[in-house]
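*Asks:* Mind looking over this structure? Questions follow.
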Amino acid sequence: MQIEFREIDRSNWYECVELKLHDEQEDFVASNAYSLAQAAYEPDMFPFAIYRDGTMVGFMMYGYDPDLEVWEMCRLMVDKKYQGQGIGRAAVEKLKKLVTERLGHIMFYTSAEPNNEVAIGLYEKLGFVKNGRIVYGEVMMEIQL
C-alpha cells in the first residue's frame, strides 16, 4: 500500500479537522482540531495528514514529551470510511522509518487507552511492547528503532 505524509497547512487543515472516527472510538484519541492547536503551541510536535492515492484518509502526530522526556507517536487516527484497510499499520511503519531517519535509533513510545484493544493489538503486531507504565491514564508502549 502506498501512503504518504503531507504537512498540514492552510490548504488542507479544514479537511483534516473534518476526518471522523466511529462514535465508540471518539474517547480513544484527541480530536484533530485539538491536536493541531497543541502542535501550534508546542514546538516539538509534528502533525501531518495521511494520504492514500491523493485522498486524505487520516492524521498522525509525533513529538517530544518534555515531562516524560521521550519521543512518541502521540496521535494516530484513520477516518471511519477507511478503517480496516491496513492504513494505520502502513502509517506506523512509515513513521518508524521517518523517526529513525530524523532522530536515529532511539527508544520510541506510544500509548493507548486501556480498553482500546484494537490499537494495543496493532501496536504489538508492529513491535511495540507494554512497558508496565500507565501514563496520563494510558498504557505506555515502547519500541527500539
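Any read-out appearing in this document is the output of simple, stated calculations on the displayed coordinates, not a laboratory observation. What you see is a predicted model, and the numbers here were worked out from it, not measured in a lab. Glycine also receives a Cβ, built like all others from the backbone with ideal geometry; neighbour counts cover every protein chain displayed.
*Asks:* Across the stretch 106-135, which residue is farthest from the chain's Cα centre (by Cα) among those that are among the polar types (S, T, N, Q) and part of a loop (DSSP other than H, G, I, E, B)?
*Replies:* Selected residue: N115.
*Asks:* Now, a different point. Within the stretch 34-70, track down each residue that is within 15 Å of R102 (Cβ to Cβ) and touching a Gly at 6+ places or on another chain (Cβ under 7 Å).
*Replies:* D44, M45, F46
Residue-by-condition table, conditions (1) surrounded by fewer than 19 Cβ atoms within 10 Å (Cβ to Cβ); (2) under 16 Å from I143 (Cα atoms); (3) in contact (Cβ under 8 Å) with a residue 60 or more places away in the chain:
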site: M61; (1), (2), (3): no, no, no
site: D67; (1), (2), (3): yes, no, no
site: W71; (1), (2), (3): no, yes, no
site: M77; (1), (2), (3): no, no, no
site: K80; (1), (2), (3): yes, no, yes
site: G84; (1), (2), (3): yes, no, no
site: A90; (1), (2), (3): yes, no, yes
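*Asks:* I need the full set of residues from the stretch 101-145 which are among the aromatic types (F, W, Y) and farther than 21 Å from E24 by Cβ, in order please.
*Replies:* Residues satisfying the conditions are F108, Y109, F128.
*Asks:* If you scan the stretch 1-30, which residues turn out to be touching a Leu at 6+ places or on another chain (Cβ under 9 Å) and over 17 Å from K81 (Cβ atoms)?
*Replies:* Hits for the stretch 1-30 are F5, I8, W13, F28.
*Asks:* Could you say whether any residue in the stretch 51-68 is within 27 Å of E15 (Cβ to Cβ) and of a type in the set (D, E, K, R)?
*Replies:* Yes, the stretch 51-68 has at least one match.
*Asks:* I'm told I143 meets every condition in (1) within 28 Å of Y41 (Cα to Cα); (2) part of a helix (DSSP H, G or I); (3) of a type outside the set (D, E) except one. Can you identify the failing condition by its number?
*Replies:* The failed condition is (2).
*Asks:* Do we find that L36 is within 23 Å of L145 (Cα to Cα) and either within 12 Å of the chain's Cα centre (by Cα) or among the aliphatic types (A, V, I, L, M) (or both) in this structure?
*Replies:* So L36 fails the test.
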